Amino acid sequence: MTNLRVGFPQKGIFGQTKRYFMAVNDVSFAVYPGETLGLVGESGCGKSTLARAILRLLDALDGQIIFRGENISPWPSRDRKLRAIRREIQIIFQNPYNSLNPRLTIAKAIAEPLVIHRQGGNPRKRRERVAYLLERVGLDPNWMNRYPHEFSGGQRQRVCIARALALNPQFIICDESVSALDVSVQAQVLNLLKELQGEFGLTYIFISHDLSVVKFMSDRIMVMNRGKIEEIGPAEQVYRQPQSDYTRQLIASIPTGGLDAKPAFNEEITANLN
């Protein structure tokens, strides 16, 4: 991403655009293959807007989004090349229930990207693909004809992860993907994301307001504030030697104070790793 700017128009009394509220303002950074870049900041700082701009769900006012050496930001939304790129870039949303259609079985939900992009072969092969993905995320393939309301929050998020993997993407944005889950389930899902990254060679942008989660998941951390990047660097370095006052304030705001906060969460993660 280079000098990316995303704004929302502010209308005047006669309906004309007077100015733009800049949710993402002149942001530049790189994500390297196979790494997890953690994106952290308080609510309203522009994290999700940035994610949606990268996915081309929102159009940028200016700047470049470079993927595989090509600037995809000016491509029209119906461009065939952009459609192909979207097979390689997926997102896992915050609320697993809202991101699943309650009228579709989980089999149909997971297979939907395959149908839209005309991938996966005939219906039988797609069903086999769904069964494999369910098993890979820790769910029983025999449950594929059940509906989202029949699952717990953690299980629904596993379904969303399976759906994100359906097209064999290389790059996944996790947008607050564990914040709606309780602590023990968070640990299980985080460990699953790490396992899948190692197995499939995935690249993540991991968005969260929880510094402990971001530090556990990330190789590097990027701190965002009011639409701009405050600092970016190796996870341990940003935590132990923050360069900006804003980052220091974020670290100081951890409830029990400091870097060793949330021991119960860390214990849950360690237990699940073992």
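Direction-averaged shadow area of the convex hull around the Cα atoms of region 112-154, nm²?
3.4 nm²
Check which residues have an amide H placed less than 5 Å from Tyr20's amide H, if you skip close sequence neighbours.
Gln10
Out of the total accessible area of region 5-76 (probe 1.4 Å, heavy atoms of protein only), what percent is carbon and sulfur?
C and S atoms contribute 50 percent here.
Share of region 92-185's accessible area from carbon and sulfur, percent, 1.4 Å?
Numbers: 2110 of 4510 Å².
On region 92-185, the fraction of accessible area on carbon and sulfur atoms equals 47 percent.
Among Val115, Val178, Val189, which one shows the highest mean-square fluctuation when the chain is modelled as a Gaussian network with alpha-carbon springs under 10 Å?
Val115
Using only the alpha carbons, work out the radius of gyration and Dmax of region 78-215 in angstrom.
14.4, 44
Calculate how large, on average over all directions, the projected area of the Cα convex hull of region 182-241 is; give the answer in nm² to one decimal.
Averaged projected hull area, Cα only: 4.7 nm².
Just grab the label-to-label distance for Asp26 and Leu57, each label 7 Å out from Cα along the Cβ direction, in nm (one decimal).
So the label points at Asp26 and Leu57 sit 2.8 nm apart.
What are the ³J(HN,Hα) values, in whole Hz, obtained from phi via the Karplus relation 6.51 cos²θ - 1.76 cosθ + 1.60 with θ = phi - 60°, for each residue of region 225-237 in sequence order, with x given for Gly and Pro?
8, 6, x, 10, 8, 7, 6, 8, x, x, 4, 5, 5
What spacing in nm lies between the two simple spin-label points modelled at Lys18 and Glu42, each 7 Å away from Cα in the Cβ direction?
2.6 nm
Accessible area per residue of region 161-243 at 1.4 Å probe, in Å²?
I get 36 Å² per residue for region 161-243.
For region 1-71, taking Cα atoms only, what is the radius of gyration to one decimal and the Dmax to the nearest whole Å?
13.9, 49
About its Cα centre, how strong a charge dipole does the chain have in debye, to the nearest 20, once Lys and Arg get +1 and Asp and Glu get -1 at the Cβ?
Rounded to the nearest 20 debye, it is 1460 debye.
Looking at the chain as a GNM with Cα springs under 10 Å, which of Arg136, Arg158, Arg240 has the largest mean-square fluctuation?
Checking each option, the largest mean-square fluctuation is seen for Arg240.
Could you give the radius of gyration (one decimal) and Dmax (whole number) of the Cα atoms in region 138-236, in Å?
Rg then Dmax for region 138-236, in Å: 14.8, 47.
Under a 5 Å amide H to amide H cut-off, with H placed in plane at 1.01 Å, what residues pair with Ser73 once short-range neighbours are removed?
Excluding prolines and chain starts, which carry no amide H, the hits are Ile65.
How big is the C-alpha Rg of the chain next to the rule-of-thumb value 2.2 N^0.38 Å, as a ratio?
1.04
Quickly estimate the mean residue ellipticity at 222 nm for the chain, helices only: each DSSP H run with n ≥ 4 gives -39500 (n - 2.57), and the total goes over all residues, rounded to 500.
After summing the helix terms and dividing by the residues of the chain, the value is -11000 deg cm²/dmol.
Based on the Cα coordinates of region 36-131, what is the per residue volume of their convex hull in Å³?
That works out to 151 Å³ per residue.
Would you look at the GNM of the chain, springs on alpha carbons closer than 10 Å, and say which of Arg124, Arg83, Arg52 moves the most?
Arg124
I need the helices of the chain that pass two filters: whole DSSP H segments spanning 24 Å or more by Cα along the axis, and mean Kyte-Doolittle score no lower than 0.0.
Length and hydropathy pass: 183-200.
The values are calculated or read from the model by the stated rules, or taken from the named source; none is laboratory data. This one's a predicted model, so the numbers in the text were calculated from it and none came from an experiment. Note: ideal-geometry Cβ built from the backbone for every residue, glycine included; neighbour counts use all protein chains shown. Note: accessible area is taken over every heavy atom of the protein model, side chains too, but ligands, DNA and RNA are not part of it. Shrake-Rupley method; radii C 1.70, N 1.55, O 1.52, S 1.80 Å.
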